[in-house]
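For reference, the structure discussed in these notes is given below.
The values are calculated or read from the model by the stated rules, or taken from the named source; none is laboratory data. This one's a predicted model, so the numbers in the text were calculated from it and none came from an experiment. Note that we place each Cβ from the backbone using ideal geometry, even for glycine, and neighbour counts take in every protein chain shown. Calculation scope for accessible area: heavy atoms of the full protein, side chains included, ligands and nucleic acids excluded. Shrake-Rupley method; radii C 1.70, N 1.55, O 1.52, S 1.80 Å.
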Amino acid sequence: MVKLIDIARQLGLSVTTVSYSLNNDPRIPAATKQRVLDAAEKLGYRGRSGKPRGSGYLKQVVLCLNSLRGGVYTEIVEAMKDTLVLNNCDLMVYVGSDVTRIKWMDGLFVLNSKVSNSDIMQITSRNIPVILMDRETELDGAVSVTLDNFNGCKEATQCAVDAGAKTFAFIGGPKESFESGYRYNGFKSALAENGLNDKNTLVLQTDFTYDGGLNACRFVLEHTRLPDAVVCANDETAMGIIAGLKAGNVKKDIIVTGFDGVMKYDAPNRFVTAKADPAHWAASSSYSMLQLFEHITSTAAKKIPVKTVRYNI
């Protein structure tokens, strides 16, 4: 079976150039594309589908993540692929923060708070549309499609208040995380509306991981009075908190809250999560990108709703 590398070797080109030529990428010179098409036909290259290649251009869309850890990312990637493939797009995942180094792309999804707004503006200045999945900001050529982080965490905190909690700890994500910041503001809003003083609330930052939650819980147990509730910026952190409470043999019935709703939960602790639908989020982001490809723009940020789910409360 003839492969891309066979064509590349015969012509002295890179595999990337061959691939883009076969997909009729307008950025490849016409003469180069013709050389590749002629070689592909001569060698009998048929592609994955078994059909001759070169009949249509596939847009290359990049999803920029800070990490691949976490079930929510897997669901997002799969749902994006389902939507984009049907609309003649290829999805590539880039784990890193320097998006300006990505040379070949037609569109960019950003779900990585380490990507700066200035770098995003460099991308949009190249007339490449950007969907921001982690922040709400107005940048020309970019559209925000985020979870309702503020209200989701506010409602989860309210559930803890309704269950009797009066003292709290908040375990957030990295300092630069936009999502963690929005969720922390929702947490503070719930306390303020219930007349609860947040001045003595313990606030810790982690990395959104189980181990981060476990380490934060150890600090809480060793250095502070136990709160009535621990509000976490995501479910993985919350699971670490719950494991830490169990390992510390804590007798107090502490309420724990999370965010995302992607973790299976069967522990005895009282738990609340703001459940998101990653597939809805991914599809909405993908359709927004497709609209930008058609020059259909909207300045209004889109917020994907979340709902609170309670366990043992």
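Collect residues whose amide H, placed 1.01 Å from N in the peptide plane, falls under 5 Å from the amide H of Leu63; neighbours closer than 5 in sequence don't count.
Amide H neighbours of Leu63, under 5 Å, 5+ apart: Met92, Val93, Tyr94, Phe109.
Write down the percent of antiparallel bridges among all DSSP beta bridges whose residues are both part of the stretch 157-313, to the nearest 5.
On the way: 5 of 21 bridges.
The antiparallel fraction comes to roughly 25 percent.
Could you give the length gained by full extension between Val95 and Ala301, i.e. 0.36 nm per residue of separation minus their alpha carbon distance, to one decimal place? Mind dumping the intermediate values first?
Working: separation 206, 0.36 × 206 = 74.16 nm, distance 2.46 nm.
Extending this stretch completely gives an extra 71.7 nm.
Would you kindly derive the ³J(HN,Hα) couplings of the stretch 141-150 from the backbone phi angles with the Karplus curve 6.51 cos²θ - 1.76 cosθ + 1.60 (θ = phi - 60°), listing them in order in whole Hz, with x for Gly and Pro?
x, 10, 10, 8, 10, 10, 6, 7, 5, 4
Pairing the Cα long axis of helix 30-43 with the longest principal axis of the chain, what angle in degrees results, from 0 to 90 and rounded to the nearest 10?
Tilt of helix 30-43: around 80 degrees.
Within the stretch 55-135, what whole-number % of the accessible surface is contributed by carbon and sulfur, with the 1.4 Å probe and all protein chains included in the calculation?
On the way: 1760 of 3670 Å².
Result for the stretch 55-135: 48 percent of the exposed heavy-atom area is carbon or sulfur.
Between the DSSP loop rule and a limit of at most 16 other Cβ atoms within 10 Å, which chymotrypsin sites (Phe, Trp or Tyr not before Pro) in the stretch 84-139 are left? Don't skip to the answer; put the middle values down first.
Details: sites: Tyr94, Trp104, Phe109; in loops: Trp104.
Answer in residue order: Trp104.
Carbon and sulfur together cover what percent of the accessible area of the stretch 181-313 at a 1.4 Å probe radius?
49 percent
Apply the Karplus curve 6.51 cos²θ - 1.76 cosθ + 1.60, θ = phi - 60°, to the phi angles in the stretch 197-202 and return the couplings in whole Hz, x for Gly and Pro.
Each residue's phi maps through the Karplus curve to give 7, 9, 5, 9, 6, 6 Hz.
Can you compute the FRET efficiency between Ala192 and Thr167 using 1/(1 + (r/R0)^6), with r the Cβ-Cβ distance and R0 = 22 Å? Round to the nearest 0.05. Let's see the in-between values first.
Values: r = 15 Å, r/R0 = 0.69.
Computed FRET efficiency for Ala192 and Thr167 comes out at 0.90.
By how many degrees, between 0 and 90 and to the nearest 10, does the Cα long axis of helix 210-223 differ from the longest principal axis of the chain?
The angle comes out near 20 degrees.
Under 19 Å from a label point 7 Å along Cα→Cβ of Trp104: give me every residue in the stretch 77-91 with its amide N that close.
Backbone N within reach: 85, 88-91.
Taking 1 over the mean of 1/r across every pair of different Cα atoms in the stretch 125-179, what Kirkwood radius in Å do you get?
Working: mean 1/r = 0.0721 Å⁻¹.
So the Kirkwood estimate lands at 13.9 Å.
Which whole-number percentage describes the relative contact order of the chain, with Cα contacts under 8 Å and a sequence gap of 6 or more? It would help to have the intermediate numbers written out before the result.
On the way: 585 pairs, mean separation 48.7, N = 313.
Taking the mean separation of contacting Cα pairs over the length of the chain, I get 16 percent.
In the structure displayed, which of Lys166/Lys199; Lys199/Lys303; Lys154/Lys246; Lys166/Lys252 lie more than 22 Å apart, Cα to Cα?
Working: Lys166/Lys199 13 Å; Lys199/Lys303 30 Å; Lys154/Lys246 26 Å; Lys166/Lys252 14 Å.
With Cα atoms farther than 22 Å apart: Lys199/Lys303; Lys154/Lys246.
Rounded to whole Å and ordered largest first, report the semi-axes of the equivalent ellipsoid of the chain derived from its Cα gyration tensor (root of 5λ).
Details: eigenvalues 434, 76, 50 Å².
In descending order the semi-axes read 47, 20, 16 Å.
Enumerate the aspartates and glutamates that Lys42 could reach by cross-link, defined here as Cα to Cα under 16 Å, with residues fewer than 8 away along the same chain left out.
Here the aspartates and glutamates satisfying the reach criterion relative to Lys42 are Asp6.
Return the sequence-ordered ³J(HN,Hα) values of the stretch 184-193 in whole Hz as given by the Karplus equation 6.51 cos²θ - 1.76 cosθ + 1.60 applied to θ = phi - 60°, using x for Gly and Pro.
Result, rounded to whole Hz: 5, 5, x, 4, 5, 5, 5, 4, 4, 5.
Report the label-to-label distance for His223 and Arg69 in nanometres (one decimal), using points 7 Å from each Cα along the Cα→Cβ vector.
Going by the 7 Å Cα→Cβ label model, 2.0 nm.
Treat each spin label as a single point 7 Å out from the Cα along the C-beta direction, and report the Lys251 to Asn312 distance in nm.
About 1.7 nm, to one decimal.
Name the trypsin sites (Lys or Arg not before Pro) in the stretch 227-313 that are in a loop by DSSP and that have at most 15 other C-beta atoms within 10 Å, would you? Could the numbers behind the result be given before it?
Working: sites: Lys246, Lys251, Lys252, Lys264, Arg270, Lys275, Lys302, Lys303, Lys307, Arg310; in loops: Lys251, Lys252, Lys264, Arg270.
Here the sparse-neighbourhood loop sites are Lys251, Lys252, Lys264.
Helix 235-247 versus the longest principal axis of the chain: what is the Cα-based angle in degrees, 0 to 90, to the nearest 10?
40 degrees
Probe of 1.4 angstrom, ligands and nucleic acids ignored: what's the accessible area per residue over the stretch 78-165, in square angstrom?
43 Å²
Once you place label points 7 Å from the Cα toward the Cβ at Asp140 and Lys3, how far apart are they in nm?
Reported label-point gap for Asp140 and Lys3 is 4.5 nm.
Hey, for a label at Asp119 modelled as a point 7 Å past Cα toward Cβ, could you say which residues of the stretch 73-102 have their backbone N under 11 Å away?
95-102
Aspartates and glutamates near Lys275 by alpha-carbon distance under 12 Å, same-chain residues fewer than 8 away left out - which ones?
Candidates past the 8-residue exclusion: Asp148, Glu155, Asp235, Asp260.
Quick check: residue separation of Asp211 and Ala30 times 0.36 nm, minus the Cα distance between them. What number comes out in nm? Before the final figure, lay out the partial values.
Details: separation 181, 0.36 × 181 = 65.16 nm, distance 5.26 nm.
Gain in length upon complete extension: 59.9 nm.
So, for the stretch 185-290, what is the accessible surface per residue at a probe of 1.4 Å, expressed in square angstrom? Walk me through the numbers on the way to the answer.
Working: 4920 Å² over 106 residues.
Per-residue value: 46 Å².
Straight-line reach only, C-alpha to C-alpha below 17 angstrom: list the aspartates and glutamates that Lys103 could link to, leaving out same-chain residues fewer than 8 apart.
Within reach: Asp25, Asp90, Asp119.
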